[in-house]
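Chemist: Encoded as structure tokens, here's the structure I'll be asking about.
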Amino acid sequence: MSAAFWKVKSLSEMTRREWESLCDHCGKCCLIKLEDEDTGTLLNTDIACKLYDCDRGGCRDYIQRKKHVPDCVVLTPETVDKLPWIPRTCAYRLIAEGRDLYDWHPLITGDPDSTRKAGMSVAGMVRPETEFQDVDWEDHIVEWAGEEDED
């Protein structure tokens, strides 16, 4: 049996299909993030991009997301290690750091819903930005599973 592609290929060597399959659909990268102006610390919120399907997870228009959300950041092998907000559990980040996928990742389990079952998805726990007009952002700062400070 051959080795899993993510163990033998760099991110830049992967096919588009392999690249896309790395996403575990946790939704953490689809959340609005805040930056503390004094410290530069990035803070997660429980408010999602308007395209994020807050109930089931995933982008509702993945192919045309940049058209609807111009500031949506499209990950590439060149940008993965330059974006500090990428979740610590993200397969792209793990592979870029030379680490393996978590045992709950769909590529490991064969179950496309394993991220949610493991409690690592934000689906069902967030609301879309379109539901808010005047937001008291401090009321929406959260720490998601797998994103705890590493000490």
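Readers should treat all values here as calculations from the given coordinates under stated rules, not as data from a laboratory. This one's a predicted model, so the numbers in the text were calculated from it and none came from an experiment. Note that each Cβ is placed from the backbone with ideal geometry, even for glycine, and that neighbours are counted across all protein chains shown.
Chemist: First measure r as the distance between the Cβ atoms of ASP61 and ASP111, then evaluate 1/(1 + (r/R0)^6) with R0 = 25 Å and state the FRET efficiency to the nearest 0.05.
Modeler: The formula returns an efficiency of 0.50 here.
Chemist: OK, next. Obtain the nm distance between the two label points defined at ALA145 and ALA4 by a simple spin-label model: each point lies 7 Å from its Cα along the Cα-to-C-beta direction.
Modeler: For ALA145 paired with ALA4, the spin-label model returns 1.8 nm.
Chemist: Could you count how many Lys pairs in the chain have their Cα atoms under 28 Å apart, skipping same-chain pairs fewer than 8 positions apart?
Modeler: Going through the chain pair by pair, I get 23.
Chemist: Let me have the 222 nm mean residue ellipticity of the chain computed from DSSP H runs of 4+ only, each contributing -39500 (n - 2.57), with the sum over all residues rounded to the nearest 500.
Modeler: When only DSSP H runs of four or more count, the value is -3500 deg cm²/dmol.
Chemist: What nm value, rounded to one decimal, do you get for the distance between ASP81 and GLU13 when each label is placed 7 Å out toward the C-beta?
Modeler: Between ASP81 and GLU13, the label points sit 1.5 nm apart.
Chemist: To continue, here is another question. How about the range 1-65: which chymotrypsin sites (Phe, Trp or Tyr not before Pro) there lie in a loop by DSSP and see at most 15 other Cβ atoms within 10 Å?
Modeler: Passing sites in the range 1-65 are TYR62.
Chemist: Then there is this: For ASP103 and MET125 in the same chain, what is the full-extension length gain: residue separation times 0.36 nm, less their Cα-Cα distance, in nm?
Modeler: Residue separation times 0.36 nm, minus the Cα-Cα distance, leaves 5.7 nm.
Chemist: Could you give the nm distance between label points at ASP53 and PHE132, where each point is 7 Å from its Cα heading toward the beta carbon?
Modeler: 2.3 nm
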